[in-house]
Amino acid sequence: MPDLFDIDDLWPDDYERVLELATSPDVGPVLAGQGVALLFEKPSARTRSSSELAVVALGGHPVYIQGAEVGIDTRETAEDVARTLACFHRVVCARVMDHRSLERMRDALDAAGVRVPVVNLLSDRAHPCQAVADLITLRQVFGDALPGRPVAYIGDANNVWRSLALAAALVGVPTRVASPAGYQPPAEDVALVRSLGGDLTVTDDPFEAADGAAALYTDVWISMGQEDEQLARLEAFRGFTVDTALLDAAAPDAVVLHCLPAHRGEEISAEVVDGPRSVVWRQAANRMHAMRGLLAWVTAEGATWPG
């Protein structure tokens, strides 16, 4: 069974198929009568709502599980959590603190010969569900004119940036990332994006990244688990706010994206996120369509325990 940990798991042939499934009204009830585990070590409004409704749209039954209910590596190992959930569910989806938890869950099921895919709802390394929604949104805005038009990501080169850059590489969209020193993408991620054909520019100047861009994208500067770094991050990202001055440097028809939640006055100004060039709410709505496409893709074949 295909697992999904990040966008490069869809390379080279499956990414367009996921986008097709996500936007098609004709995807049938491929999960009819079956459960999908939705394990959340981190809470999320958009990921929970989009995932649950996507499962329902495909005819399945979503089961939301809080991190404390299973206690990965406190009550039970990640391996045992995966084995247990696979007894009941056709797909195991997890939003985890540590990306290695996903890998251990997959490895445990593979070792047991269990054909139940593991889907990453977010980890410290990647956010593939968000990236699919991002590309759906950009295609809705720009249509066939999207390839070749740059997307500028302003801020921390984090899990959201990584998955976005990989997705953009697969569809011929150049990306630029502007981050302060210490928050720029690691060399291995830059190399991976470029190995997929990605046209990637790394800079510490937000205006250089925004110049003529078709879209400006940002994320919070302080994510869950980084609260102890708040003061240092606020100082480091001073000057990286996506505001009207930065938007004016982009293309005249540029739009603004944000994976939410937004901290107005920090990574984005209220005038921009709530302004006429913001597509963040369309982007949020597309999370459900993205999840529907991803779940339809991973369940293309039956998922069962051996024997």
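Here are the numbers for the structure shown:
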quantity: Failed item in (1) in contact (Cβ under 8 Å) with a residue 12 or more places away in the chain; (2) closer than 19 Å to Gly198 by Cα; (3) over 16 Å from the mean Cα position of the chain (by Cα), with Glu79 passing the rest; calculated: (2)
quantity: Within segment 256-307, tally of residues that are modelled with pLDDT of 95 or more and of a type in the set (S, T, N, Q); calculated: 4
quantity: Unmet criterion (only one of (1) at pLDDT below 95; (2) in contact with a strand residue (DSSP E or B) (Cβ under 7 Å, 6 or more places away or on another chain); (3) among the polar types (S, T, N, Q)) for Ser24; calculated: (2)
quantity: Search result, residues across segment 213-230 that are part of a loop (DSSP other than H, G, I, E, B) and either of a type in the set (A, V, I, L, M, F, W, C) or exposed (fewer than 13 other Cβ atoms within 10 Å of the Cβ) (or both); calculated: Ala213, Ala214, Val220, Trp221, Ile222, Met224, Gly225
quantity: Residue within segment 147-170 that is crowded, with 20+ Cβ neighbours inside 10 Å, farther than 24 Å from Ile222 by Cα and not assigned by TED's automatic domain parsing to the domain that holds Pro261 present; calculated: no
quantity: Candidates Glu52, Glu69, filtered to the one that is surrounded by fewer than 21 Cβ atoms within 10 Å (Cβ to Cβ), more than 20 Å from Arg287 (Cβ to Cβ) and assigned by TED's automatic domain parsing to the domain that holds Pro29; calculated: Glu69
quantity: Members of segment 135-183 found to be among the charged types (D, E, K, R) and within 15 Å of Ala250 (Cβ to Cβ), listed by number; calculated: Arg149, Arg176
quantity: Test: residue in segment 130-142 that is more than 19 Å from Leu247 (Cα to Cα) and more than 17 Å from the chain's Cα centre (by Cα); calculated: yes
quantity: Helices (runs of 4 or more DSSP H) wholly inside segment 137-210 that include at least 2 residues being among the polar types (S, T, N, Q); calculated: 159-170
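The values are calculated or read from the model by the stated rules, or taken from the named source; none is laboratory data. Every value quoted in this text rests on a predicted model; they were computed, and no experiment measured them. Note: ideal-geometry Cβ built from the backbone for every residue, glycine included; neighbour counts use all protein chains shown.
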